[in-house]
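Single-structure report; data block below.
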Amino acid sequence: MTIEKKMEAAFNEQINKEYYSEYLYLAMKTRFAQMGLAGFVNWFDIQVKEERAHAEGMYEYVLERGGDVELFAIDKPEIQGTTPVEIFRQVLEHEQYVTSRINAVYDVAEEVKDRAAMLFLNWYVKEQVEEESSVGDVLSRLEMIGDDKQGLLALDKELATRVFNPPVIG
Ligand code: MG
């Protein structure tokens, strides 16, 4: 069954959002590099790679379904705030927004009764639960740390140990 135009459009829009996420996290990684927090840089570097994988997963899926991939311009990322805690508040808000967009793509799949797309999207629905949870963990740690420099350095050391596991999508 060839993909419906409306479904294809929803995927293309979401591909753009995933590339935007990659871009936003790349911009945030730069900020942390400038702060000299190598563990946070590692954490964002992995986010960048994950977002790229999320975009590519949908890209491959649209092609596999005989659809057309349309690439849109990627917005310039705007970072609100300057401190680690302010930046992580934005990360959490952004992931909550992405969750709402994934749900909207799922809504289209339900509307056009595209069961294959729903099964494919289940992976993204689950992934968003993990994203919000892992970002929420870092944010609560930062809120507890407050102005404690030692606490911040300890968290930075911990984030340096995060390892990138290429996601197996679908
Ligand atoms: Mg993503």
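Regarding region 5-159, what is the average projected area of its C-alpha convex hull, in nm²? It would help to have the intermediate numbers written out before the result.
Numbers: hull surface 35.5 nm².
It is 8.9 nm².
Our estimate of slack between THR2 and VAL163, defined as 0.36 nm per intervening residue step minus the Cα-Cα distance, is 54.2 nm.
Enumerate by residue number the chymotrypsin sites (Phe, Trp or Tyr not before Pro) in region 43-82 meeting two conditions: DSSP loop (anything except H, G, I, E, B), and at most 12 other Cβ atoms within 10 Å of the site's Cβ.
Values: sites: TRP43, PHE44, TYR59, TYR61, PHE72; in loops: PHE72.
Taking region 43-82 and a limit of 12 other Cβ atoms within 10 Å, the loop chymotrypsin sites (Phe, Trp or Tyr not before Pro) found are PHE72.
Only lysines eight or more places from LYS5 in sequence, or on another chain, were considered; those with a Cα closer than 23 Å are LYS17, LYS113.
How much accessible area per residue does region 1-122 have, in Å², with a 1.4 Å probe?
Details: 6030 Å² over 122 residues.
Per residue, region 1-122 has 49 Å² of solvent-accessible surface.
About its Cα centre, the chain has a charge dipole of approximately 280 debye under the convention of +1 per Lys or Arg Cβ and -1 per Asp or Glu Cβ, with nothing else charged.
The values are calculated or read from the model by the stated rules, or taken from the named source; none is laboratory data. Keep in mind that this is a model prediction, so the values were computed, not measured. Note: ideal-geometry Cβ built from the backbone for every residue, glycine included; neighbour counts use all protein chains shown. Just so you know, the surface numbers come from the protein's heavy atoms only, side chains and all, with ligands and any DNA or RNA stripped out. Shrake-Rupley method; radii C 1.70, N 1.55, O 1.52, S 1.80 Å.
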